[in-house]
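Read through the structure below, which is laid out as structure tokens, and then see the notes.
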Amino acid sequence: MLTVNGLSKGARITPDAVRHYARIGLLVPSRDPNNGYRLFDDEALKRARFIRRAKGLGFTLQDIRTLFSYADNGRSPCPEVRAIIQQRIAENRASVTELGELLERMEDALERWKSMPDGEPDGDEICHLIESVA
């Protein structure tokens, strides 16, 4: 049996993450009757490692809860894993595109602002640099 710290080291996650996962039910500890410490078995270690790997691939804790539900009920979570990762790829591609567009707007604004003088708030404008951007 592992304590919070032992599980965190074995799974390479923080003790706070272990406590959080236990609080939301992704990990289920028992209690040491002598001191009340949370104790985790080998299954919890496997789950904690799975959580770390899944999060590293962009899965949310809710996604992981769903995958655990499939596995706990004897059903393969693999089709769901594929569907979720396809969705995350599409979301990330859209985010990358949006970030690229934002970066261009920022660089264009900075280039325009190089030739503009500093201004003082005059009651009509707060910062004429930002307000000059269409």
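Given the structure, is Arg52 part of a helix (DSSP H, G or I), in contact with a Lys or Arg (Cβ under 8 Å, 6 or more places away or on another chain), in contact (Cβ under 8 Å) with a residue 40 or more places away in the chain and surrounded by 10 or more Cβ atoms within 10 Å (Cβ to Cβ)? Yes, satisfied.
If you take the residues in the range 84-99 that are among the aliphatic types (A, V, I, L, M) and surrounded by 11 or more Cβ atoms within 10 Å (Cβ to Cβ), which one is farthest from Leu26 (Cα to Cα)? Restricting to residues being among the aliphatic types (A, V, I, L, M) and surrounded by 11 or more Cβ atoms within 10 Å (Cβ to Cβ), the top hit is Ile89. The set of residues in the range 2-39 that are surrounded by fewer than 16 Cβ atoms within 10 Å (Cβ to Cβ) and either touching a Gly at 6+ places or on another chain (Cβ under 8 Å) or among the acidic types (Asp, Glu) (or both) comprises Asp16, Asp32.
Within the range 94-116, residues that are in contact (Cβ under 8 Å) with a residue 24 or more places away in the chain sit with their Cβ atoms under 9 Å from residues that are among the β-branched types (Val, Ile, Thr), at 6+ positions apart or across chains, in these pairs: Arg105/Val133; Ala109/Ile130; Ala109/Val133. Here Glu125 meets each of (1) modelled with pLDDT under 95; (2) exposed (fewer than 11 other Cβ atoms within 10 Å of the Cβ); (3) of a type in the set (Asp, Glu) with one exception, condition (2).
Specify the residue that is nearest to Ala71 (Cα to Cα); the eligible residues are those in the range 1-49 that are in a loop (DSSP other than H, G, I, E, B), among the aliphatic types (A, V, I, L, M) and modelled with pLDDT under 95.
Step by step, filter the range 1-49, then rank; the result is Val28.
The values are calculated or read from the model by the stated rules, or taken from the named source; none is laboratory data. Just so it is clear, the structure is predicted and the values come from calculations on it, not from any experiment. Glycine also receives a Cβ, built like all others from the backbone with ideal geometry; neighbour counts cover every protein chain displayed.
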